[in-house]
Each structure stands twice: as C-alpha cells, then as structure tokens.
Amino acid sequence: MAAASADRAQGADAPVVDAGEEFAKIIEPRSENRLVLEAGVWHQISPKYVRVQFISGGSMLAIVVAATLVVALVFGQAWAWIPGGILSVILGWTLAIMPRQARAIGYQLRDDDLVFRKGILWQRFVAVPYGRMQLVDITHGPLDRGFGIAQLKLVTAAASTNVVIPGLAQSTAETLRDHLVAVAESRRTGL
C-alpha cells in the first residue's frame, strides 16, 4: 500500500518544462457556457508551432494561387477562378485563426490522468488515465525538426481517447514521453 502511494506521488511530479518554450497564457472562449479550465498547471505548446503551420499553410496557398493563375490565364479556363478562389479563402482564413487556435491547446498532468484540451468554438477536453495508455509516440517531420518541435501521440484501446499534442519543444516531448511511460507502467502494475 505504501509503495503504491509512493508511486502515485512520484507519478504526479510533472516533468520540468522551460517556460520560454510555451505560450504565456492559455486562451479560453468568452462564453459563459464554455467548458471551464480546472485549477492546476496547464502546459501549452511552443509558439514555433504557429510558424511551422504558417510555412506549410502558406506554401499550400501559394500552390493553389499559382495553379489557379496558370489554369485561368495560360489555358484560358475561366472556371478555375471559382475553386481557386474558394480554396484560397479557406486557406487564408485557416492561417488567420491559427495563432488563436494554437494558444487554446494545452495539457495538464494530474495524479491519475493527463487532461488535454483544444478548441475555442468546438472545445474538446479528453482525460487519458495513465493506466490505460498503450503507446506514447513522438513524431516530427522535416519542418518540425528544423524548428525543434515534435508532436506527442497517446494511444489507448479506445480510439476516441487517442490524443495528439502538437507543437511541443523536442526536449519537452522527450521528457514528457519518458514521464508518461514511467507513470503508465507503475499504474498498470497496480491493477
């Protein structure tokens, strides 16, 4: 019994995160009917995530605009303005709201689970019990590696509780992965 209590106390210790690698404050919706953040320490993602999204989204927008111009002007196909314009507006809007969406992403390490939240209009809160985690995976593409960020994926038996935390600093993702694996192992042995 005392060993289980010691394991829980050790598992509740959050990994150290450099405050300079995160946004300063988590953004909440303004509505009174919002899902309220619980008390405790909420960790956020790196602002570098927004830069990576701007580069990838901006590249896609440039390709759409270029393709539209080539099809419409070079080949004389006036119909290309409609899908090109629609896609450009959607991509532009996505890029415009990206910083606010990124500041709304956060996670909290509690005694028995990890709580993940994202979204402003469509909020999502997911609590993943440590003992139910089956896999903790870190992935990052070439652009992510260039900016020193990664995404951490938590997999459970229920597909609806899988969580992907994007835009974590590389060192934070590795420390968090090691912490979650250690805590998950201690919880599973207690079952």
- For the range 181-191, does any single residue satisfy the condition of being closer than 29 Å to residue 51 by Cα, hydrophobic (A, V, I, L, M, F, W, C), in contact with a strand residue (DSSP E or B) (Cβ under 6 Å, 6 or more places away or on another chain) and surrounded by 15 or more Cβ atoms within 10 Å (Cβ to Cβ)? no
- Sole miss for residue 68 among (1) hydroxyl-bearing (Ser, Thr, Tyr); (2) surrounded by 14 or more Cβ atoms within 10 Å (Cβ to Cβ); (3) part of a loop (DSSP other than H, G, I, E, B) is condition (3)
- Does residue 104 satisfy the condition of being hydrophobic (A, V, I, L, M, F, W, C) and in contact with a His (Cβ under 7 Å, 6 or more places away or on another chain)? no
- Query: List, please: which pairs have Cβ atoms under 8 Å, are six or more places apart or on different chains, and start with a residue in the range 125-153 that is of a type in the set (Asp, Glu) and surrounded by 14 or more Cβ atoms within 10 Å (Cβ to Cβ) and end with one that is modelled with pLDDT of 90 or more and assigned to a helix (DSSP H, G or I)?
  - Reply: 144/52
- Message: Looking at (1) modelled with pLDDT of 95 or more; (2) of a type in the set (Phe, Trp, Tyr); (3) out of contact with any Ser or Thr (no Cβ under 7 Å at 6 or more places or on another chain), which one does residue 42 not meet, given that it meets all the others?
- Response: (1)
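Picking from 172, 156, which residue would you name as being open to solvent by less than 70 Å² (accessible area, probe 1.4 Å), touching a residue at least 12 places away in the same chain (Cβ under 8 Å) and under 25 Å from residue 47 (Cα atoms)? I'd like the intermediate steps shown before the answer.
Details: 156 fails: under 25 Å from residue 47 (Cα atoms).
Exactly one residue qualifies, and that residue is 172.
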- Item | Test result for residue 76, over 26 Å from residue 165 (Cβ atoms), assigned to a helix (DSSP H, G or I) and of a type outside the set (A, V, I, L, M, F, W, C) | no
- Matching option when the condition is part of a loop (DSSP other than H, G, I, E, B), out of contact with any Leu (no Cβ under 7 Å at 6 or more places or on another chain) and within 30 Å of residue 68 (Cβ to Cβ), among 143, 121, 87: 121
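The values are calculated or read from the model by the stated rules, or taken from the named source; none is laboratory data. Computed from a predicted model, the values in this text were never measured in an experiment. Neighbour counts are summed over all protein chains in view; Cβ atoms, including those assigned to glycine, are modelled from backbone coordinates with ideal geometry. In case anyone asks, the SASA skips ligands and DNA or RNA and just uses the protein heavy atoms, side chains included. Shrake-Rupley method; radii C 1.70, N 1.55, O 1.52, S 1.80 Å.
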